[in-house]
Structures are given as structure tokens and as C-alpha cells.
1. Criterion first (of a type in the set (G, A, S) and touching a residue at least 40 places away in the same chain (Cβ under 8 Å)) does A487 satisfy it?
2. Give L185, L160 a once-over and let me know the one that is out of contact with any His (no Cβ under 9 Å at 6 or more places or on another chain) and surrounded by fewer than 24 Cβ atoms within 10 Å (Cβ to Cβ).
3. So which residues in the stretch 256-291 are modelled with pLDDT of 75 or more, closer than 20 Å to R373 by Cα and aromatic (F, W, Y)?
4. Please specify each residue of the stretch 567-605 satisfying the condition of being under 40 Å from the mean Cα position of the chain (by Cα), of a type in the set (G, A, S) and either surrounded by fewer than 14 Cβ atoms within 10 Å (Cβ to Cβ) or assigned to a loop (DSSP other than H, G, I, E, B) (or both).
5. Suppose we filter the stretch 175-193 for residues that are among the charged types (D, E, K, R) and free of Cβ contacts under 8 Å to residues at least 12 places away in the same chain; how many remain?
6. For the stretch 291-316, enumerate the residues that are open to solvent by 10 Å² or more (accessible area, probe 1.4 Å), touching a Phe, Trp or Tyr at 6+ places or on another chain (Cβ under 9 Å) and more than 30 Å from W417 (Cα to Cα).
7. Go through the residues of the stretch 165-176 one by one and say whether even a single one is of a type in the set (K, R) and outside any helix (DSSP H, G or I).
8. Please specify each residue of the stretch 416-425 satisfying the condition of being open to solvent by less than 20 Å² (accessible area, probe 1.4 Å) and not charged (D, E, K, R).
Amino acid sequence: MAFRSESVHLTRLGSPLRDRTSAFLIVGFIAGALYLNALPNQFAYDDHHIISVNTAIHSIETLPGSLVAPYWPDEYGEELGLWRPVTTGLLGIQYILGGGDALLFHTVNLLIHMVTSVLVLALLLELMSLAAAFVGALVFAVHPVHVEAVANIVGFSELLSTAAIIGACLLHIRAGPRSDWRSALAIGGLYLIGFGAKESGVTLPGLIFLLDAARGRISISDVPRYVADRWRTYLVMLCVAIGLLAGRFAILGSIASPFAPVGAEVLLEIPRIWTLSDVWMHYVRLWVFPLDLSADYSPNIIPVSFGWRAESIVGAFLALLVLGIAFVAWRRPDMKGGSDTSKAAAFGVVWFMISISPTSNTLFLSGVLMAERVLYLPSVGLAAATGWLIVRLAQDRRRLAWGGLCVAVIASSVRVWTRNPTWHDTDTMIAVLIRDYPYTGRSQWALGDQFFLRGRESEGLRAYRAAVDLLGPQHALILTVAGHMMAMERYPPAETLLGSLTREQPDFPHAFRMLADLRAEYGDAFGTEEYAREALALRDVDPTRAHLLAWALAAQGRYDEALEAKEDALEQGGAIFWQAYVYEAYMADRRGDTVRALAAVDTAWAQVLTNIGRATLDSVRVADFGLQPLLPDSLAVGSLVSGRDPNR
């Protein structure tokens, strides 16, 4: 009775526990206020790759083409297995409207988080009392695990997808027990936004079924009636899913990413349950006690387990315990009419399981062991369970419940405020990561990148070596190291690294591409041809390697094949590097046009960038065109290994 009396008193004061308007205003205001100090943030880490240096989204002319390209705009985009056309398009629009100013991006993220927090409150109000819904939405708004999604610009995909998915759920509930075409198409539109913004949006059909099951029991005998009532909604969602999955396959070559989490490739070969049990422990820790936050959860933070350990046993036990409790709670009364039934806890657990499934590595490997940003949508379920738990506790321990909630909200708000500046820029983010977790592979990898950006090559290579020791021969890492070595003209060790990649991962073209470039610098026409053909066989659209192949064939005197290869190369695009001009010199020389041939050689000389390339080109000038050497003999590489007869 004391609780009810206080509730009546609070109603007169406009308490958010009794007044819906107050609840919406408070949740929205707090959600926005906590991220005001994220507005001065700049582009950080992945923001650069996806936005600031991604010229494809910087103009209205090129933006449409980026919508049918991988989310990652570099040459590794297909292998990373991400296609997010809605996110790409809207990020491009923001860039164009704001002139590339980071402030607009961060403002949009803040506003979407405010809207999403309010939508969470609206959704929970359909399932439980105002008091429980308000507590759940408030916890969602202030939870520190969301900082990465809100304060880092590329978290926009998480925010937009979650807002669209929750909006679709609300439309479904308010459409009534029988869906019509109008509501089905509206839900389909939001599904297109949610799934097109982030892969986890694919789970909307499962979440809608969960909502129907939570609000009214669905037994086997009810299935025909349920299908008759809801088939329009599911049909529209099926069409959207098929369309987007077909687009992923056409653009990426697969539906799911082929990569295992960084540093955890062994999960392809061993039972994943041992490692996933540790991950489940981190899910619990991050929600209950989110003090230690990290931008990285690669091995050395979450170790790869090769058997049952104490931590994995505890994690598995907790998972089974939670599932057992959820099963019992699910049998309680349905979540209708704002009743605070314990079924809310079960609903929250199942929501989490469904929405985390695309990134949990349970059904398939997702590319990351765990990341805080991927918890944004799943945490809606945890917020629902938390709201029910606090209100349930308040019935017996009122001061403990509300006092604990106040402490948790204040502590979470402080943690959010102090965590936001971590994402100010790349240097700040990496400095915090290295300070908190210096001995992880990702930390050392990022440190190596920063050393090379500052021209500190020796320190960069040491950091990369440490990263390789921690993560193993990770594909992208080895390519990064080899690329830096080639830029330093340390070709032999680069060739060794790239050769090992071609043997271990022969289905990826990147190592073959770089080896073709490397052998071309030496003037090795045979080696260039071999590696260029391997790269083109794996991905036929590759202008640089296509032009190198034409040069390699011409250097061997195989002019007809070279001409055919050049025609294919020109269809793919132009190329500016010295070997392309040497090709023109060979073909002009064959036609007897000595003037044009020598002019092409001079143009090639203006394009060559490396000492080895200059020495190689100098040998070409002497051996094939009878010109005087320009380099001292000590720098010359001798006669060409191209296979041409220098005495023709």
C-alpha cells in the first residue's frame, strides 16, 4: 500500500512512473543530453575508411554507384562480406549536405539515439506497465555499452537499423490482430531500411513472431489461424529479405562473410562452444557492470579456448541457467494490457538471443568475437527484462529498488560522459585502447599503422611483428605489413610474406595482385604474367593487373597476346605506371615508330618511383632501345629477366 500511495502522490507531480508525457520527455532528454560532449568528436578509426576518404560518397554523381558496391570501399570490401546500401546512401547524403563536417554526422547520431530511446519506451509500453517501461527505456538511454554506437560515426548503421526495426514492431502491434496490405507494406519499408542499414536487421521476422507469442499464446493448433491473419506481413518481409540477400550475393559473391574473427581463425576447425561460453560471460558483465569498455575484443581480451576452462564452464552454466529461468517465466500470463508479468524477463532474453544471432558466431562466423556496438539492438530485450526486475523488486523492497536504480543511472551517465571523448579521433581512440589493453593484437596492429603514418618505419614493423605473434598470420594484417615493406623497397621479405598467403589462402586475389606488382618492379615478365593471371582468374575486374599482364606479354615478344590483353585492360579502365608506358614503347617499336617508342620510354622514366624500378627501366632502355644508361652501374640490375632477346 505504501508503494501505491507514493505512486498516487507522484502522479500529481507528473511522475514518469504514472504520466506518459513526462516519461517520453525525460527519456528523450536524457538520451540526448548524455551525448552532447560527443558532438565535438571528429572522424575516428573506421570513420576514415567508410566516410572521410571514401570519395565514392562525396558527390551526388558518384553516390548511386556506391550503393551497389561493398560497404568497405577498398579492395578488401568483398571479402569482408558487408553490404549496407541504406547506410552508405545516407552517410553520403550527410557528407554532401554538411560538406564533410563531422559535426553533422555526430548530431544525426545523437538525434537517432534520442528517437530510438523514445521508441523503446513506446514498444515496452505495449508489453508492460508505464513504470516498468520507463525504467527499461531509461536504462537503455543511459547504458554505457551504447557509447561506441552513438559516439563513433559509423555506429550510425546500428542506430538506424535499430530505430527502423523497433518502428516496424510498433506498427505491427498497432495494426491489430489481422494485418492488411497497408500495414504490411509499411513494415516491409522499415524492414528494408533496417536490414539495408545493418545485417542484424534480418532478424525482424523473428522479433515480430516473438511479440505475437509474448502478447498471446500461440500453440500448434493456432498456427493456421495465425498464418491466415499475418501472411501479408510475412510475405512482404520475405520478398524484402530475398531481394537484399540476392543483392548481397551479386555484389559480395556470398551471403555471409567467409572470414573468421580476427586472430580466431582456428574457430573454423575446433568446437566454438568453448570460446562462446567466455563471450557469454562478457555479455553479462557488460550489461550488469559496464565499467571496463573496449573498442576491441579480439584474442588476449577474449581468449580462444581449446577446451573447457573454469571461465567457459561458468559461462555455459550461466547461459543454461538464464535459459531455464526464461523458459519457466515464459509460461506466466501473457504480456497484455500493461501487466507486469514475469514473462517480460523471458521476452527480454529471447529478444536478445534472436537479435544477437547474426553476430554471435553461433550459427556461422561473423568476423568479430564480440563488439559493444552490436549490442545496441539486442539490449532492447535486456532493457525490458531490467525494467520488469526493478519494478518487481520495488513491490517488496521499494527503497532498495528505486535507490539502486538512481545509483545505476547516475553511475552509467557518468561513464557515458567520460567515455564519449574516447572516440574524438583515431589517435585518441588508439591511445585509450593501448593504455587499457596494450598487449592485444588489435592494439599492436593499430599502433603499427600510426607509426607508419608518422614515418617511423622501424617502430611500426616491431608493432606489426607483435601483432602477428598475437593474432597469427591474419590475412589483412600480412597484406598490410607486406604493403609497407614494398613501399620501403624491402621486396624479398615482402615476397616471402605474400608467397605464404598464396599457399595458405589461394582463393583470395590480394596477395597475387601484390606479387604481380612486385615482380613487375623487377622487370620479371614471366613472374608478372603468372601472378597477374592468378589475380585475374580470381577477380576478372582488376585494371592494374590487366595492364601489367599486357606489359608482361609484350616484354616477352608475344605481341598479339599483348594486344588482346591490352584491349581487355582498357575496357576495365586506365592505368598510370611505368610498365604501361613501356608496353606502348614495345608496340610502337614493333611498328617501326622509333620516335614514339623513345617518347614512351621517357614518359615511363618520369613515372617510375622506386630505385629498383629505375634500375629495371634503365636496363630496358639499354637492352631493348639502345639508349645510354642513366643510372650508375652500381644501381643497375643487369640484363632483363623478361625473356626478350637484347641482341635482336
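The values are calculated or read from the model by the stated rules, or taken from the named source; none is laboratory data. Model, not experiment: these values are computed from the prediction. Glycine also receives a Cβ, built like all others from the backbone with ideal geometry; neighbour counts cover every protein chain displayed. Accessible surface is based on the protein model in full, side chains and every heavy atom, while ligands, DNA and RNA are left aside. Shrake-Rupley method; radii C 1.70, N 1.55, O 1.52, S 1.80 Å.
1. no
2. Checking each option against the conditions leaves just L185.
3. Once the filter is applied, which keeps residues that are modelled with pLDDT of 75 or more, closer than 20 Å to R373 by Cα and aromatic (F, W, Y), the stretch 256-291 yields W280, Y283, W287, F289.
4. The answer is G573, G574, A575.
5. Qualifying residue count for the region: 1.
6. If the condition is that a residue be open to solvent by 10 Å² or more (accessible area, probe 1.4 Å), touching a Phe, Trp or Tyr at 6+ places or on another chain (Cβ under 9 Å) and more than 30 Å from W417 (Cα to Cα), then V304, F306, G307, W308, R309, A316 are the ones that fit.
7. No, that holds for no residue.
8. V416, N420, T422, W423
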